[in-house]
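Engineer: This is the structure I have questions about; it appears just below.
The values are calculated or read from the model by the stated rules, or taken from the named source; none is laboratory data. These figures come from a predicted structure and were not determined experimentally. Using ideal geometry, Cβ is built from the backbone for each residue, glycine included, and neighbour counts are taken over all protein chains shown.
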Amino acid sequence: MRALLAWVTAFGVTVASGLLRAEEPAVPPYQRLTNNWSVAIGTSSDSSPAVGKDGTIYFGTLDGKFWAIRPDKSVRWVFESALEIKSSPAIGADGSVYFGSRDRHFYALSPRGELKWRLKTGGWVDSSPALAHDGTVYFGSWDGKFYAMRPDGNKRWEFSTKSRVVSSPAIGLDGTIYFGSADKTFYALQADGSKKWSFQTGGAIHSSPALRGSERIYFASLDGFLYALNLDGELVWKLKTGGATDSSPSLGADGTVYIGVNQQLWAVSAEGKKYWGRGVEDLIEDTPTALKTDLVCCVSRYGHLLALDFQTNPRWGYYVKSTGHSSPGISEEGVMYLPDEYNKFSAIPANISLARSPWPKFRGNPSNTGNLADNAVRDL
């Protein structure tokens, strides 16, 4: 408790009536970054940005707009849906951009921001898409269905679960698609839509899976456990977190599993042993981002983009407010992109690239494809 209070004091967090409230520290005990630029976007965002090969940054906002911004901060185009966009975009090999909206539609746009097609579903589409190499686009909906769409907009198949699908799918090296549902079940589907296997948990699954090559699948459930499964669906281990969090796991270069648990960032060994839990000033609902030199960064709901080393020492940070729960986008050059205070969107020069890991960030790679075969390192 003494160590936690010391850290809380150092980071400018006030303890009042048993609650932690974030305040901007006057003299941060870590390197405080400044942004390269900011763009006014008029509202906040829960959509984790995707970064294209040409550096264009794509993300959605809570007023239903979908933005494309060049790395020099000029706005390339803005597309409007009818309701908020919480889904994170994925960028296809041809530059097409895919995302869902709470207007109950899933969208495919050209690189120029023109509508290619859209699909009406029976519920909100918060699930972020995964892109197969044959062009198939996978995503879930609050209508309890999981969809497979051809790149021309024709439906390939749909798979029904017993509740909403908020979890974003991940595609393994053999083409198997993995995702969770609020029906307390984690699913593995064949590319033809048939069920390969399923695994039952004690709570809804909003967390999106992280894949460790051809060995492991990691995800969390609202039953308060972090799970590790073999690719055949067999339980390897489960670790009690006690937290009901929407955070999804990511993987460090050494196989460490990082995940947000309520107001803590956890580091867990590949064997399911908790290394440490580091308190921050508010909920961690984003997916931690594993970086080179054994750093990991996270964004709290109201507070900071913060990078820690493996000894949990803060190395650098950037103060933000009202960020939502999006994970930062990151370019090949190590520039991070995320919603900023006062309804802005900013470029933060972290100057460090992703860890050489099979799944270092939300959706696995800067383009957010959710496809293990697209990541820089496939196996540890």
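Engineer: Looking at the range 215-298, what strands (runs of 3 or more DSSP E) fall wholly within it and have at least 3 residues that are closer than 22 Å to S128 by Cα?
Structural biologist: Working: elements: 216-221, 225-229, 235-240, 257-261, 264-268, 274-279, 289-291.
Fully inside the range 215-298 and qualifying: 216-221, 225-229, 257-261.
Engineer: For L109, indicate whether it is over 24 Å from R216 (Cα atoms) and surrounded by 15 or more Cβ atoms within 10 Å (Cβ to Cβ).
Structural biologist: Taking the combined requirement at face value, the residue satisfies it.
Engineer: Let me ask something else. Sort through L222, L231 and tell me the only one that's under 24 Å from G144 (Cα atoms), in contact with a His (Cβ under 9 Å, 6 or more places away or on another chain) and surrounded by fewer than 22 Cβ atoms within 10 Å (Cβ to Cβ).
Structural biologist: L222
Engineer: For the range 56-69, indicate whether the set of residues that are in a loop (DSSP other than H, G, I, E, B) and surrounded by fewer than 15 Cβ atoms within 10 Å (Cβ to Cβ) is non-empty.
Structural biologist: no
Engineer: In the range 236-253, is there at least one residue being over 25 Å from S87 (Cα atoms), of a type in the set (V, I, T) and without any contact (Cβ under 8 Å) to a residue 40 or more places away in the chain?
Structural biologist: Yes, because at least one residue in the range 236-253 is over 25 Å from S87 (Cα atoms), of a type in the set (V, I, T) and without any contact (Cβ under 8 Å) to a residue 40 or more places away in the chain.
Engineer: Another one. For a quick check of your reading: which strands (runs of 3 or more DSSP E) sit entirely within the range 106-162 and have at least 3 residues that are under 21 Å from A68 (Cα atoms) and either of a type in the set (S, T, N, Q) or in contact with a strand residue (DSSP E or B) (Cβ under 6 Å, 6 or more places away or on another chain) (or both)?
Structural biologist: 115-120
Engineer: Next up: If you go through the range 324-355, how many residues are at pLDDT below 90, outside any strand (DSSP E or B) and crowded, with 24+ Cβ neighbours inside 10 Å?
Structural biologist: 1
Engineer: A follow-up question, please. I need a count of the residues in the range 243-276 that are polar (S, T, N, Q) and either surrounded by fewer than 16 Cβ atoms within 10 Å (Cβ to Cβ) or under 24 Å from G213 (Cβ atoms) (or both).
Structural biologist: 5
Engineer: Can you work out which of the residues in the range 185-218 that are among the aromatic types (F, W, Y) and touching a Leu at 6+ places or on another chain (Cβ under 8 Å) is farthest from F159 (Cα to Cα)? Steps first, please.
Structural biologist: The initial filter retains those residues of the range 185-218 that are among the aromatic types (F, W, Y), namely 186-187, 197, 199, 218.
With the extra rule that they be touching a Leu at 6+ places or on another chain (Cβ under 8 Å), the set shrinks to 186, 199, 218.
Numbers: F186: 13, F199: 16, Y218: 22 Å.
That would be Y218.
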